[in-house]
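Note sheet for the following structure.
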Amino acid sequence: MDGPSGSGKSSASRGVARALGLRYLDTGAMYRAVTWWVLDQGIDLADAETIAARATEPVLEMSTDPENSGVTIDGIDVNGPIREATVTGAVSAVAAVPEVRAHLVALQRELIAGTPEGMVVEGRDIGTVVAPHAPVKIYLTASAEARARRRNAELSGSTVEAQVADMARRDTLDSTRKADPLTMAADAVEVDTTELGLDEVIAEILRLVKERA
Ligand code: C5P
């Protein structure tokens, strides 16, 4: 499942995984964890060369249980800090470094290969790069306004306008970067969630899974 920020990917993919009894992988949490580590190490975000050279240093461990998904980096539980504004503001720069992507894509493919019963994987490049042979590919979208409202409901202390601006900046960086930009796979089905509640989104995806898998 791919799509821009705030399109409802996390809630929808976790819900679909629960309904189907599958594992769930949040690849955004992996990029966020590496970004947390880069900041923690005091590496300059503009220093792509150092980020590239050290990309494989931290040890990432993912929990793919949809009831208890999360990430640790070098044994540290970073699930709270990776949602903070400092990480959110920095993640697109770190995610644009090709060596970071190569490392995380390899880890993601390993996790997928180790889960033969199947997995719901969410991100920006899952249908195009990580799992091009996935039996079902969903591309979630929603209007900028709806996406900002959802994010605003999740985060306090920020206006809808500030959210629209932040998400637009992140979406532009994510879809214009050279390495694996956010784009819809040719064989993905687009689901526009602007007018849909979470249950309706999950029901529509389960219908597509039944039809296609
Ligand atoms: O999904 P989430 O908003 O947590 O993702 C955070 C950031 O991680 C995205 O804005 C993007 O820069 C990066 N990302 C990516 N590829 C993925 C998942 C996330 O580049 N598969």
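The values are calculated or read from the model by the stated rules, or taken from the named source; none is laboratory data. Note that the structure is predicted; figures quoted are calculated from it, not measured. Cβ atoms come from the backbone with ideal geometry, glycine included; neighbour counts cover every protein chain shown. The accessibility values were calculated without ligands, DNA or RNA, using every heavy atom of the protein model including side chains. Shrake-Rupley method; radii C 1.70, N 1.55, O 1.52, S 1.80 Å.
Checking the structure you have, find out if any residue of region 48-70 is open to solvent by less than 20 Å² (accessible area, probe 1.4 Å), part of a strand (DSSP E or B) and either touching a strand residue (DSSP E or B) at 6+ places or on another chain (Cβ under 8 Å) or among the β-branched types (Val, Ile, Thr) (or both).
Checked region 48-70: at least one residue is open to solvent by less than 20 Å² (accessible area, probe 1.4 Å), part of a strand (DSSP E or B) and either touching a strand residue (DSSP E or B) at 6+ places or on another chain (Cβ under 8 Å) or among the β-branched types (Val, Ile, Thr) (or both).
Name the single residue that is modelled with the highest pLDDT among those in region 163-200 being farther than 25 Å from Val105 by Cβ and within 16 Å of the ligand (Cβ to nearest atom).
Thr193
Residue by residue, here is whether (1) at pLDDT below 95; (2) assigned by the TED database to the domain that holds Pro181; (3) within 12 Å of the ligand (Cβ to nearest atom) holds:
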| residue | (1), (2), (3) |
| --- | --- |
| Gly6 | yes, yes, yes |
| Val16 | no, yes, no |
| Leu45 | no, no, no |
| Glu57 | no, no, no |
| Glu67 | yes, no, no |
| Asp74 | no, no, no |
| Pro81 | no, no, no |
| Gly89 | yes, no, yes |
| Pro98 | no, no, yes |
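So which residues in region 108-124 are touching a residue at least 12 places away in the same chain (Cβ under 8 Å), part of a helix (DSSP H, G or I) and over 14 Å from the mean Cα position of the chain (by Cα), if there are any at all? Give the derivation first.
Keep residues of region 108-124 that are touching a residue at least 12 places away in the same chain (Cβ under 8 Å), which gives 108-109, 111-112, 115, 117-124.
If we keep only those that are part of a helix (DSSP H, G or I) too, we end up with 108-109, 111-112.
The answer is Arg109, Leu111, Ile112.
Taking into account only those residues within region 192-213 that are out of contact with any strand residue (DSSP E or B) (no Cβ under 8 Å at 6 or more places or on another chain) and buried (at least 16 other Cβ atoms within 10 Å of the Cβ), which is nearest to Ser13 (Cα to Cα)?
By that ranking, first place goes to Ile202.
Would you pick out the residues in region 18-43 that are among the small types (Gly, Ala, Ser) and either more than 23 Å from Arg169 (Cα to Cα) or more than 12 Å from the ligand (Cβ to nearest atom) (or both)?
Within region 18-43, Ala19, Gly21, Gly42 meet the criteria.
Could you list, in sequence order, the residues of region 117-127 that are under 18 Å from Glu190 (Cβ atoms) and either open to solvent by less than 20 Å² (accessible area, probe 1.4 Å) or of a type in the set (A, V, I, L, M) (or both)?
First pass over region 117-127, keeping only residues under 18 Å from Glu190 (Cβ atoms): 120-127.
Matches in region 117-127: Val120, Val121, Glu122, Gly123, Asp125, Ile126, Gly127.
Scan region 34-44 and tell me whether some residue there is on the phi < 0 side of the Ramachandran plot and touching a strand residue (DSSP E or B) at 6+ places or on another chain (Cβ under 6 Å).
For region 34-44, residues on the phi < 0 side of the Ramachandran plot and touching a strand residue (DSSP E or B) at 6+ places or on another chain (Cβ under 6 Å): present.
Which condition from (1) in contact (Cβ under 8 Å) with a residue 24 or more places away in the chain; (2) within 15 Å of the ligand (Cβ to nearest atom); (3) of a type in the set (A, V, I, L, M, F, W, C); (4) farther than 20 Å from Ala93 by Cβ is the one that Val209 breaks?
For Val209, the failing item is (2).
If you scan region 5-46, which residues turn out to be surrounded by fewer than 23 Cβ atoms within 10 Å (Cβ to Cβ), touching a Ser or Thr at 6+ places or on another chain (Cβ under 7 Å) and part of a loop (DSSP other than H, G, I, E, B)?
Once the filter is applied, which keeps residues that are surrounded by fewer than 23 Cβ atoms within 10 Å (Cβ to Cβ), touching a Ser or Thr at 6+ places or on another chain (Cβ under 7 Å) and part of a loop (DSSP other than H, G, I, E, B), region 5-46 yields only Ile43.
Among the residues of region 128-152, what is the count of those that are part of a helix (DSSP H, G or I), within 14 Å of the ligand (Cβ to nearest atom) and open to solvent by 30 Å² or more (accessible area, probe 1.4 Å)?
So the count comes out to 4.
Look at Val78 and say whether it is buried (at least 19 other Cβ atoms within 10 Å of the Cβ) and under 15 Å from the mean Cα position of the chain (by Cα).
Against the criterion (buried (at least 19 other Cβ atoms within 10 Å of the Cβ) and under 15 Å from the mean Cα position of the chain (by Cα)), Val78 does not qualify.
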